[in-house]
């Protein structure tokens, strides 16, 4: 104990000698002596807890929700309960879920019927084989053949076809081509190939 007290006195004396000089003091002049008071050391308990008032929040938060919307018919766990992996927390009314599932199935059936298909095709299915797309492709081929014949008639026999008739053939071909592109895009989108 006394050794600690002597060490403290020596440290204070060393610090007192390292005091900064003020602007009024010149270097080399001794400064006024520093008065040091020694106190005896004593052992005492240190308080390690502090009483406070506040609110505690968890370190992490988890948002829990159902995969499907619906009314809750039964609740198995409450806030603060421990839950094991895959343990149910609540029961959603199956009526709403089944209605939603049936609506989705009818929407798929409607989309397939618009594409003139009876069932979902395989992943390697070519959307160009969908009947509506195939019909649009045939219309493009027909309009192209008509345009080729119109080019020959318009170029060879002057006056056999007016410029307006030839322009109409070109427009019909462009419209048929655009319709084909739209039908193909719609089929790819409906089948999930995009």
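Taking first residues from the stretch 74-96 that are within 16 Å of residue 63 (Cα to Cα) and partners that are exposed (fewer than 11 other Cβ atoms within 10 Å of the Cβ), the Cβ contacts under 6 Å between residues at least 6 apart in sequence or on separate chains come to 90/75.
Mind listing just one residue for me: the one in the stretch 153-166 that is part of a helix (DSSP H, G or I) and loosely packed, with under 12 Cβ neighbours inside 10 Å and, of those, modelled with the highest pLDDT? Selected residue: 164. Within the stretch 121-133, the set of residues being farther than 20 Å from residue 174 by Cβ and not in a loop (DSSP other than H, G, I, E, B) comprises 127, 129, 131. Checking each residue of the stretch 41-63 against the condition of being outside any helix (DSSP H, G or I) and touching a helix residue (DSSP H, G or I) at 6+ places or on another chain (Cβ under 9 Å) gives at least one match. The condition (being within 29 Å of the chain's Cα centre (by Cα), under 30 Å from residue 71 (Cα atoms) and surrounded by fewer than 12 Cβ atoms within 10 Å (Cβ to Cβ)) is satisfied by just one residue among 85, 89: 85. Assess whether residue 112 counts as being within 19 Å of residue 188 (Cα to Cα), assigned to a helix (DSSP H, G or I) and at pLDDT below 90. Here the answer is yes, as residue 112 does meet what is asked.
The values are calculated or read from the model by the stated rules, or taken from the named source; none is laboratory data. Not measured: the values here are computed from a predicted model. Reconstructed Cβ throughout: ideal geometry from the backbone, glycine too, with neighbour counts over all protein chains shown.
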